[in-house]
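A.B. asks: Input: one structure, supplied below.
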Amino acid sequence: MRARVGDMWHSRDGKLTQLLERAPGGFGLGQVPRQRVPDSTTTLVCGFCSTGCGLTAHLRGGSAVNLTPAVDYSVNRGMACPKGWEALTPLSAPDRALMPLLRNASGELEEVRWPTALDRFVRRFQAIQKEHGPQAVAFLGTGQLPIEELAFLGTLAKFGMGMQHGDANTRQCMATAVVAYKETFGFDAPPYTYADLEESDLLVFVGSNPCIAHPILWERVVRNQRKPEVVVIDPRRTETAQAATRHLALRPQTDLELLYAVAHVLVREGWIDHAFIGAHTTGYDGFAAHVAGFAPTTVADRCGVAVEDIENLARLIHTRRRVSFWWTMGVNQSHQGVRTAQALIALALMTGNIGKPGTGANSITGQCNAMGSRLFSNTTSLIGGHAFDDQAARAKVSRVLGVEDGRIQQRPGLAYDQIFEAVARGEVRGLWIVGTNPAHSWINQRDARELLARLDFLVVQDMYTTTETARLAHLVLPAAGWGEKDGVFINSERRLGLIKQVRRAPGQALSDFRIFQLLADAWGCGDLFARWRSPEVVFGLLKELSRGQPCDITGVGGYKELDDHGGVQWPVRVGEVVEQGAERRLFADGRFFTPDGRARFVYETPRPPAETVRTPYPFALLTGRGSASQWHTETRTGKSEVLRRLAPAVEHVEIHPDDAALYGIAPTDWVRMSSRRGSVELRAFLTRGVPRGSVFAAMHSVQTNVLTFASFDPYSRQPAYKHCAVAIERIDGPSR
Ligand SMILES: Nc1nc2c(c(=O)[nH]1)N[C@H]1C(S)=C(S)[C@@H](COP(=O)(O)OP(=O)(O)OC[C@H]3O[C@@H](n4cnc5c(=O)[nH]c(N)nc54)[C@H](O)[C@@H]3O)O[C@H]1N2
Ligand SMILES: Nc1nc2c(c(=O)[nH]1)N[C@H]1C(S)=C(S)[C@@H](COP(=O)(O)OP(=O)(O)OC[C@H]3O[C@@H](n4cnc5c(=O)[nH]c(N)nc54)[C@H](O)[C@@H]3O)O[C@H]1N2
Ligand code: SF4
Ligand SMILES: [Mo]
């Protein structure tokens, strides 16, 4: 017997109770069994990083009381990092949003009932659209909701509410990889499977720190029995660099020159796979001519590495049989990230290291469902990985979803930074933010906060009331989180995995899915979503939308099949049988997704970063993940005592001891760090892990993005978080 949602609301609002009772369960409050059931277990994928580990929830009375890593899940095989073990704890934090909050006449956020919240959402946004046009309201989503919810958000906002502009935090994270893959492979298609980590003879990690950011992927490297060489290219001597066999501590933002120099040596020595290049690629001759200008002797100084290190890396690539290239944010978050990623792809193509075990040009994703967001959020691509300007694709979406073709935009809409610019110009006046915290995480945070504060109406849909962004909202909608709802995530190796409701959301928090249903009805476009009764029904629609695409999942079956199978990697076309535990990589046949089936070499002349590092700002500020137990803006991980103890006790900046000595800075001294945007105060942590001339601060500190400089890759519009110019000085103590 399932509790009826309406029972729990004690709502005297007949209309709302009716809406809620219509839910057949499977999300929100509707499906919590009232009576205690025998103890049992169930497996669901982790809700933090894109590794996508399976976690076993131990249930009592249908509610999870504990989590352990799943032993029979192909991804993690009984391992989990601290975040996975501790994933239940943040669900019971005291600052969970339990009721909608609305800013009252005296400017304070005040609890209101759902009908009031829904009504206010609709009235304020519709009034803005009426006065300023439908494009005056926009949305920002996330890579941390399941695909069914992302699809709901993107479809409701764009086709239901007529918004034209919507983007997600995946812009901060994966946009560069998306563009790099689309231009070279013809589709956003990371080609690898995790077994490649174990089957490679040479693994090259560029701007990637898996020991901290993807600990269980690193465990897979450790399991490699082939005595691999592991090369880490990172300005910092990271935990991963320390564990590697070689570390190239290049000067920040010089990856492109370095990779072209490696390609130069491969061409010069004839260490290339002519047969593969001839049969499966285009543009090689132009690329070879381009890299002729990048002899190691020319670029070594600029890159801060020895000529012989470049020569040796090229030789390793030639002599090792299976070579794989892996990259993460050190590449994506650069002013020339797309071309850098494409230089890595070029190295794989020119040596034939693709489509075979232990090879590939492999972008590691960040968030648990960034891959799902890339394909199904209806933001950067038309839902299902289609192009907005493709008439046939629009007709397909129109048919499958029952949306009139005329409602489907012909362009993707503005990117994240352009939405903020439109706010600055007064063109976007209403913003709906779901599952992301830009007042902490956006580049050049002060501008971001100033712009958020300027909005006529800001709605924030989040699990917590205390996030930096929720504090700025006019309306906060209380959301259920991971563990409190059902859906599908897609991990870095393209594996679809299930998340499940193993806890009841607190108070009146609802799943995002349920919130979207209620908003659709309240907005007056509920008819469009009449079929969207449960996440699993929507999963069926998404399968249909994927038909014929490289990411075709028509053969996946339903949630039960996905569950029984322990997740499955796309593509799975209808009728295709995938063996349990199969490791599936793309391009084994050498055919790519471009019109001519060939992969492309794409290259360009390197450019300097947007902000020059020189007096009075003589240090390059590098930013990134600080520890395995901290997640982003810490709204979740900060709620666990265990995870807090595993993290650094104080917010700090890492400084090379020689640089510190020049400025009279001793260990644990207070330091003021300033950029042209502002200044912050942190403790000094002296370490030879950062190179001279650079300092490092973790993104988990809300202070870091006070300093960052808003510059972007021109093709992906991904923020270049990894580089800006700062100054440091010793201070006696914090001024606050
Ligand atoms: N514990 C933990 N894990 C996480 C996350 C988290 O918040 N906490 N977040 C997840 C998400 S969303 C993401 S996107 C991933 C990010 O995963 P990673 O990209 O591995 O992590 P980062 O620390 O952001 O950046 C990686 C490295 O880039 C280096 N770098 C900086 N500048 C340059 C450069 O010019 N060239 C090169 N080659 N390297 C450079 C930095 O020194 C850093 O060590 O992690 C995911 N996993
Ligand atoms: N300086 C610097 N800045 C960076 C980076 C860097 O390397 N350096 N990295 C960038 C990268 S790669 C990323 S991905 C971003 C991440 O930046 P954000 O997306 O801003 O960070 P999170 O803390 O993950 O924010 C997610 C929010 O969603 C909420 N939430 C969690 N689950 C749910 C849910 O199920 N429903 C709803 N409605 N809300 C939920 C959380 O409480 C939290 O407020 O940061 C970027 N910022
Ligand atoms: S490695 Fe990632 S997916 Fe695995 S337990 Fe840790 S946070 Fe979760
Ligand atoms: Mo990310």
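The values are calculated or read from the model by the stated rules, or taken from the named source; none is laboratory data. Values in this document were obtained by computation on a predicted structure and should not be read as measured data. In this analysis, Cβ positions are derived from the backbone assuming ideal geometry, glycine residues included, and neighbour counts consider all displayed protein chains.
A.B. asks: Residue 312 - would you say it is on the phi > 0 side of the Ramachandran plot and more than 16 Å from ligand 2 (Cβ to nearest atom)?
C.D. replies: no
A.B. asks: Can you confirm whether region 336-345 contains a residue that is closer than 19 Å to residue 588 by Cα and part of a helix (DSSP H, G or I)?
C.D. replies: Of region 336-345, the ones closer than 19 Å to residue 588 by Cα are 344-345.
Narrowing the set further to residues that are part of a helix (DSSP H, G or I) leaves 344-345.
There is at least one residue in region 336-345 that is closer than 19 Å to residue 588 by Cα and part of a helix (DSSP H, G or I).
A.B. asks: For region 642-668, name all the residues that are charged (D, E, K, R) and touching a helix residue (DSSP H, G or I) at 6+ places or on another chain (Cβ under 8 Å).
C.D. replies: Within region 642-668, 644 is the sole residue that qualifies.
A.B. asks: Continuing with the same structure: Scan region 652-704 residue by residue and report those that are closer than 23 Å to residue 615 by Cβ and of a type in the set (Val, Ile, Thr).
C.D. replies: If the condition is that a residue be closer than 23 Å to residue 615 by Cβ and of a type in the set (Val, Ile, Thr), then 653, 655, 665, 671, 680, 690, 695, 704 are the ones that fit.
A.B. asks: Here is a follow-up. Inspect all residues belonging to region 112-129 and state whether any of them is of a type in the set (A, V, I, L, M) and within 16 Å of ligand 1 (Cβ to nearest atom). Full working, then the answer.
C.D. replies: In the first step, residues of region 112-129 are kept if they are of a type in the set (A, V, I, L, M); the result is 112, 117-118, 122, 127-128.
Within this subset, residues satisfying the condition of being within 16 Å of ligand 1 (Cβ to nearest atom) are none.
No, the conditions are met nowhere in region 112-129.
A.B. asks: Any residue in region 682-699 that is under 18 Å from residue 669 (Cα atoms) sitting within a Cβ distance under 6 Å of a residue that is modelled with pLDDT under 95 and among the hydrophobic types (A, V, I, L, M, F, W, C)? List the pairs, counting only those 6 or more apart or interchain.
C.D. replies: Short answer, once both residue conditions are applied: 683/650.
A.B. asks: Under 7 Å between Cβ atoms, at least 6 apart or on separate chains: pull out the pairs that start in region 238-266 with a residue that is outside the structural domain of residue 294 (by TED's automatic domain parsing) and end on any residue that is surrounded by fewer than 23 Cβ atoms within 10 Å (Cβ to Cβ) and at pLDDT 95 or above.
C.D. replies: none
A.B. asks: Related question: Return a yes/no flag: does region 220-232 have any residue that is within 16 Å of ligand 4 (Cβ to nearest atom) and either touching a residue at least 24 places away in the same chain (Cβ under 8 Å) or surrounded by 24 or more Cβ atoms within 10 Å (Cβ to Cβ) (or both). Give the steps one after another, and end with the answer.
C.D. replies: Within region 220-232, the subset within 16 Å of ligand 4 (Cβ to nearest atom) is none.
No: region 220-232 contains no residue that is within 16 Å of ligand 4 (Cβ to nearest atom) and either touching a residue at least 24 places away in the same chain (Cβ under 8 Å) or surrounded by 24 or more Cβ atoms within 10 Å (Cβ to Cβ) (or both).
A.B. asks: Sticking with this one: I'm trying to understand the selection: among the residues of region 261-288, which are under 16 Å from residue 339 (Cα atoms) and among the hydrophobic types (A, V, I, L, M, F, W, C)?
C.D. replies: If the condition is that a residue be under 16 Å from residue 339 (Cα atoms) and among the hydrophobic types (A, V, I, L, M, F, W, C), then 261, 262, 263, 287, 288 are the ones that fit.
A.B. asks: Separate question: Within region 105-199, considering only strands (runs of 3 or more DSSP E) that don't extend past its boundaries, which have at least 3 residues that are closer than 16 Å to residue 436 by Cβ and of a type outside the set (D, E, K, R)? Spell out the reasoning first.
C.D. replies: Values: elements: 109-111, 137-141, 166-168.
Passing ranges, in order: 137-141.
A.B. asks: Still on this model: Restricting attention to region 114-134, which residues are crowded, with 18+ Cβ neighbours inside 10 Å and more than 11 Å from residue 475 (Cβ to Cβ)? Before the answer, list the steps.
C.D. replies: Residues of region 114-134 crowded, with 18+ Cβ neighbours inside 10 Å: 114-115, 117-118, 120-121, 124-125, 128-129.
Matches in region 114-134: 114, 115, 128, 129.
A.B. asks: Just give me the residues in region 239-256 being surrounded by fewer than 22 Cβ atoms within 10 Å (Cβ to Cβ) and among the charged types (D, E, K, R), in sequence order.
C.D. replies: Result: 239, 246, 251.
A.B. asks: Would you list the helices (runs of 4 or more DSSP H) that sit entirely within region 214-296 and hold 3 or more residues that are out of contact with any Asp or Glu (no Cβ under 6 Å at 6 or more places or on another chain) and away from ligand 1 (no atom under 11 Å from the Cβ)? Steps first, please.
C.D. replies: Values: elements: 215-222, 239-243, 255-269, 274-280, 284-291.
Those helices (runs of 4 or more DSSP H) span 215-222, 255-269, 274-280, 284-291.
A.B. asks: Sticking with this one: Counting just the residues of region 199-228 that are within 16 Å of ligand 3 (Cβ to nearest atom) and of a type in the set (D, E, K, R), which one comes out farthest from the chain's Cα centre (by Cα)?
C.D. replies: Filtering region 199-228 for residues that are within 16 Å of ligand 3 (Cβ to nearest atom) and of a type in the set (D, E, K, R), the one farthest from the chain's Cα centre (by Cα) comes out as 223.
A.B. asks: Being part of a helix (DSSP H, G or I) and either of a type outside the set (Lys, Arg) or closer than 24 Å to residue 136 by Cβ (or both) is the filter here; which residues of region 395-414 pass it?
C.D. replies: Step one: of region 395-414, the residues part of a helix (DSSP H, G or I) are 395-401, 405-407.
The answer is 395, 397, 398, 400, 401, 405, 406, 407.
A.B. asks: Go through region 59-95 and report how many residues are more than 16 Å from residue 644 (Cβ to Cβ), of a type in the set (D, E, K, R) and within 13 Å of ligand 3 (Cβ to nearest atom).
C.D. replies: Total meeting the criteria: 1.
A.B. asks: Taking region 259-296 as the region of interest, how many residues are in contact with a strand residue (DSSP E or B) (Cβ under 7 Å, 6 or more places away or on another chain) and farther than 26 Å from residue 594 by Cα?
C.D. replies: Filtering region 259-296 down to residues in contact with a strand residue (DSSP E or B) (Cβ under 7 Å, 6 or more places away or on another chain) leaves 280-283.
Filter once more, so that each one left must be farther than 26 Å from residue 594 by Cα: none.
Total satisfying the criteria: 0.
A.B. asks: Applying the selection to region 47-66, what residues are surrounded by fewer than 22 Cβ atoms within 10 Å (Cβ to Cβ) and touching a strand residue (DSSP E or B) at 6+ places or on another chain (Cβ under 7 Å)?
C.D. replies: Passing the criteria: 56, 58, 59, 62, 65, 66.
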